[in-house]
Amino acid sequence: MDYQHNFKKKFGQNFLNDDNILNKIIIESKIPEDTLIIEIGPGSGALTNKLKNSAANVLAYEIDTDLKNILTAKFHDDKNVKIIWDDFLNRDIAKDISEYDNKNIYVIANIPYYITTPIIEKIINSGIDIEKIVIMIQKEVGERFSAKPGSRDYSSITVFLNYFYEIKELFTVSKNCFTPRPNVDSVVVSLERKKDQIRAKDEDKFFKLVRDSFQYKRKNLRNNLKNYDLEKIEEVLVSKGKDLTTRAETIDLETFIEISNKLF
Ligand code: SAM
């Protein structure tokens, strides 16, 4: 390590120390020409340093101002790297990227795990056309993201993410590749924006329907959705060979969309 830093658990600081893993993230991200990369949590800049050579621009958000000396020393000559010293979750991302006119926008980051879901929700809700997200996350969370209907890990976040993105687990990363060593293994996942996904007519109501369906994991759809028009829901389920005694974890994305479009 070529720097001194007091690692902060509260910011989820586990820095990557393995050059092979960093290179693999870059290769697997397949960054096209003229791309703006948004990085959340550059830390000591190990990934940023690779990104700046593979992308037109890098815009990084770092909450920990104790890293200013390290990052400024590393990137003061790099015109294509900008660091915003703030909490990513509080930013107006659309405004932050308005000065860039790159053709593509990717998010590539080894993110702080304690805010994995808020980060992804923020990206999706920003309304910006982010074509691909390549992020390192906790292995168990990665399994939930890419779970198939019928499996234990299939949940409302799976449906939510699969509505927008094609999700792939790229590779796993051992605890030993980080300083300090975390308690959990990690996985790098890629979320590629779906272009031809059938849409729900009312997306807000669709997402609420999905959340409500999974509200009590052990309850079936009849019980979790008792405030909805059960007759209409049943009609769709029967056309799929199912009924209201089914649990949400067996319902695929397309069926949820069909139910939603029947109801709203
Ligand atoms: N990218 C670096 C690497 O791979 O070595 C560091 C990754 S570390 C897991 C997560 C980083 O996110 C830390 O530098 C931490 O300070 C930063 N961070 C935590 N919460 C944040 C937030 N809300 N907004 C921006 N950065 C945050």
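Among the residues of region 122-141, write down those that are within 19 Å of Asp153 (Cα to Cα) and open to solvent by 10 Å² or more (accessible area, probe 1.4 Å).
Gln138, Lys139, Glu140, Val141, listed by residue number.
With Glu249, Glu258, Glu254, Glu234 as the choices, which residue is over 30 Å from Asn23 (Cα atoms), modelled with pLDDT of 95 or more, exposed (fewer than 14 other Cβ atoms within 10 Å of the Cβ) and not assigned by TED's automatic domain parsing to the domain that holds Pro42? First the steps, then the outcome.
Details: Glu249 fails: exposed (fewer than 14 other Cβ atoms within 10 Å of the Cβ); Glu258 fails: exposed (fewer than 14 other Cβ atoms within 10 Å of the Cβ); Glu234 fails: exposed (fewer than 14 other Cβ atoms within 10 Å of the Cβ).
Result: Glu254 is the single residue among Glu249, Glu258, Glu254, Glu234 that is over 30 Å from Asn23 (Cα atoms), modelled with pLDDT of 95 or more, exposed (fewer than 14 other Cβ atoms within 10 Å of the Cβ) and not assigned by TED's automatic domain parsing to the domain that holds Pro42.
Looking at region 29-44, I want the residues that are more than 6 Å from the ligand (Cβ to nearest atom) and have a partner that is among the hydroxyl-bearing types (Ser, Thr, Tyr) and not in a loop (DSSP other than H, G, I, E, B) with Cβ atoms under 7 Å, at least 6 apart or on another chain. Which pairs are those?
Partner pairs satisfying both residue conditions: Ser29/Tyr106; Ile31/Ser54; Ile31/Tyr106; Thr35/Tyr106; Ile37/Tyr106; Glu39/Thr48.
When you check Lys50 against the structure, is it surrounded by fewer than 22 Cβ atoms within 10 Å (Cβ to Cβ), of a type in the set (Lys, Arg), assigned by TED's automatic domain parsing to the domain that holds Asp92 and at positive phi, yes or no? Before the answer, list the steps.
Numbers: surrounded by fewer than 22 Cβ atoms within 10 Å (Cβ to Cβ): yes; of a type in the set (Lys, Arg): yes; assigned by TED's automatic domain parsing to the domain that holds Asp92: yes; at positive phi: no.
No, not satisfied.
Among Ile115, Ile83, Ile108, which is open to solvent by less than 50 Å² (accessible area, probe 1.4 Å) and closer than 17 Å to Leu16 by Cβ? Before the answer, list the steps.
Details: Ile115 fails: closer than 17 Å to Leu16 by Cβ; Ile83 fails: closer than 17 Å to Leu16 by Cβ.
Ile108 is the lone residue from the list that is open to solvent by less than 50 Å² (accessible area, probe 1.4 Å) and closer than 17 Å to Leu16 by Cβ.
I'm checking my understanding of the structure. Among residues of region 184-198 that are of a type in the set (Val, Ile, Thr) and in the same structural domain as Glu131 (by TED's automatic domain parsing), which one is most open to solvent (accessible area, probe 1.4 Å)? Lay out the reasoning, then the answer.
Filtering region 184-198 for residues of a type in the set (Val, Ile, Thr) gives 184, 187-189, 198.
From what's left, in the same structural domain as Glu131 (by TED's automatic domain parsing): 184, 187-189.
Working: Val184: 42, Val187: 1, Val188: 2, Val189: 0 Å².
It comes out as Val184.
Counting only residues that are touching a residue at least 60 places away in the same chain (Cβ under 8 Å) and either surrounded by 14 or more Cβ atoms within 10 Å (Cβ to Cβ) or within 14 Å of the chain's Cα centre (by Cα) (or both), how many does region 165-183 have?
Final tally of qualifying residues: 6.
The values are calculated or read from the model by the stated rules, or taken from the named source; none is laboratory data. This is a predicted model, so every value here is computed, not measured. No Cβ is skipped: glycine too gets one built from the backbone with ideal geometry, and neighbour counts run over all protein chains shown. For accessibility, only protein heavy atoms count, side chains too; no ligands or nucleic acids. Shrake-Rupley method; radii C 1.70, N 1.55, O 1.52, S 1.80 Å.
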